[in-house]
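Asker: Input: one structure, supplied below.
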Amino acid sequence: MMDGVERPLSPHMVYRWQVTNSLSIVHRATGVFLSLGILVLVAWLMALASGPQAYQNAQQLFASTWFKLALVGWTFCFFYHMANGIRHLFWDVGAGFESGQIRASGWSVVAVAVVATGAYSYLLII
């Protein structure tokens, strides 16, 4: 410990809020939500393996409006997580670290996720 140097103990007292903070939090949240989606996938596979009646019951549940909303949410999470992962791959090779590039790539990730979710959801509805 350095004598005579008083520093804040909490990061929120040191750093100001930026777009990248929010994108990082959303990346973690989408990862958690995708993990919950895996449980739904496993339930669907178990219903598929359990016979026609179990599969029909699962399909009725999955056809409900509230589940379709969750599916759109999972779709957004997938596209956001994937686009942000690609962004991080560029960072891993040392590209895109200029201040303007960081903000532009962050907003691009959001735009790609929204457009891809809209397009994919539209295809699901047709």
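The values are calculated or read from the model by the stated rules, or taken from the named source; none is laboratory data. Predicted model only: the values in this text are computed from it and were never measured. Ideal geometry is used to build each Cβ from the backbone, glycine not excepted, and the neighbour counts take in all protein chains shown.
Asker: Any residue that is small (Gly, Ala, Ser) and at pLDDT 95 or above - is there at least one of those in region 37-47?
Answerer: yes
Asker: Regarding region 111-118, can at least one residue be identified that is touching a residue at least 24 places away in the same chain (Cβ under 8 Å) and small (Gly, Ala, Ser)?
Answerer: Yes, that holds for at least one residue.
Asker: Here's another thing I want to ask about it. Looking only at region 102-119, which residues are modelled with pLDDT of 95 or more and of a type outside the set (A, V, I, L, M, F, W, C)?
Answerer: The answer is SER105, GLY106, SER108, THR117, GLY118.
Asker: Right, another one. Here is a list of conditions, (1) touching a residue at least 24 places away in the same chain (Cβ under 8 Å); (2) surrounded by 16 or more Cβ atoms within 10 Å (Cβ to Cβ); (3) of a type in the set (S, T, N, Q), and THR20 meets all of them except one; can you say which number that is?
Answerer: In the conditions (1) touching a residue at least 24 places away in the same chain (Cβ under 8 Å); (2) surrounded by 16 or more Cβ atoms within 10 Å (Cβ to Cβ); (3) of a type in the set (S, T, N, Q), THR20 misses (2) alone.
Asker: In region 69-110, how many are touching a residue at least 12 places away in the same chain (Cβ under 8 Å), over 14 Å from GLY31 (Cβ atoms) and of a type outside the set (A, V, I, L, M)?
Answerer: So the answer is 8.
Asker: Let me ask something else. Taking SER64, is it of a type in the set (Ser, Thr, Tyr), at pLDDT below 95 and under 26 Å from ILE125 (Cβ atoms)?
Answerer: yes
Asker: How many residues does region 46-91 hold that are farther than 13 Å from THR117 by Cα and aliphatic (A, V, I, L, M)?
Answerer: Residues in region 46-91 being farther than 13 Å from THR117 by Cα and aliphatic (A, V, I, L, M): 10 in total.
Asker: State yes or no: is VAL14 modelled with pLDDT under 95 and over 30 Å from GLY85 (Cβ atoms)?
Answerer: no
Asker: Now a separate question. Determine which member of the set GLY51, GLY73, GLY94, GLY100 is surrounded by 12 or more Cβ atoms within 10 Å (Cβ to Cβ) and among the small types (Gly, Ala, Ser).
Answerer: GLY73
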